[in-house]
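Note sheet for the following structure.
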Amino acid sequence: MSTDRNTADITYSELVKMGLQGIAANILECERCQLNENATNKVIMRGSERPKVLFIGEAPGKNEDEAGIPFCGRAGKILDELLDYMDLEENEYAIINTVKCRPPNNRKPTHKELKTCRPFLLAQIELLDPEVIILLGNTAEQAFCISSLNWGEAVITPEGKHLMKLYHPAALLYRRSLIEQQKKMIDRNRDLWQKIQ
């Protein structure tokens, strides 16, 4: 067996054994799909390596692609407001995306692209080991689970994590009326992260 393995051969369980730094290195080298061809920067994560709450977004946008940091553009400002409203400190959350490279023209990732990047996503979730996972929008839900979730209603995963879907911050940019609904969803579920020591 060649020691010069392509990242396409690396499995989720192998990624977990490599730790977060190993995952990051593999993401940077990844050529599993065509999204990497036009990526200025791969976008790996932002925040704590031991978060109470993990936010999963859709995909990097233009600003994220340029900076290599998730949610650093206009939608990121909305997410930062959300984090403030949730009373989360910087060491209490992490942010990742379903795919690590920007899709052309900010289109949604395809089913194939989500599936291709899924080992990275699952390995990051396992190693970050949050108590609460918040899926930002329908694409994050599609990448993560099979059945559909109701907006703002937490469920328990088989691993004992609290899982919830909130509106993607980009949706709040264009539909400001959803912000108050989002705040009500947060208020109903505040207990989930505030009770974690």
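The values are calculated or read from the model by the stated rules, or taken from the named source; none is laboratory data. The structure displayed is predicted, hence computed values, not measured ones. Note that each Cβ is placed from the backbone with ideal geometry, even for glycine, and that neighbours are counted across all protein chains shown. What goes into the accessible areas is simple: the full protein's heavy atoms, side chains included, and nothing from ligands, DNA or RNA. Shrake-Rupley method; radii C 1.70, N 1.55, O 1.52, S 1.80 Å.
With respect to the conditions (1) part of a helix (DSSP H, G or I); (2) farther than 17 Å from A25 by Cα; (3) open to solvent by less than 30 Å² (accessible area, probe 1.4 Å), C117 falls short on a single one, namely (2). Of the candidates K108, K100, the single residue that is within 25 Å of N63 (Cβ to Cβ), under 17 Å from the mean Cα position of the chain (by Cα) and open to solvent by 80 Å² or more (accessible area, probe 1.4 Å) is K108.
A75: over 22 Å from L192 (Cβ atoms), of a type in the set (A, V, I, L, M, F, W, C) and surrounded by fewer than 19 Cβ atoms within 10 Å (Cβ to Cβ), yes or no? Judged against the criteria, A75 is not a match.
Okay, residues lined up against (1) in contact (Cβ under 8 Å) with a residue 12 or more places away in the chain; (2) of a type in the set (D, E, K, R):
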site	(1), (2)
K17	no, yes
T40	yes, no
R50	yes, yes
I69	yes, no
D87	yes, yes
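The criterion of at least 1 residues that are under 23 Å from I179 (Cα atoms) is met by the following helices (runs of 4 or more DSSP H) wholly inside the range 1-101: 62-67, 74-85. If you go through the range 22-38 and keep only what is open to solvent by less than 30 Å² (accessible area, probe 1.4 Å) and touching a residue at least 60 places away in the same chain (Cβ under 8 Å), you end up with I23, N26, I27, C30, L35.
If you check Q181, Q142 for being farther than 28 Å from C30 by Cα, without any contact (Cβ under 8 Å) to a residue 60 or more places away in the chain and in a helix (DSSP H, G or I), only one passes: Q181. Suppose the filter is buried (at least 17 other Cβ atoms within 10 Å of the Cβ), in contact (Cβ under 8 Å) with a residue 60 or more places away in the chain and touching a Pro at 6+ places or on another chain (Cβ under 9 Å); does L128 pass it? Judged against the criteria, L128 is a match.
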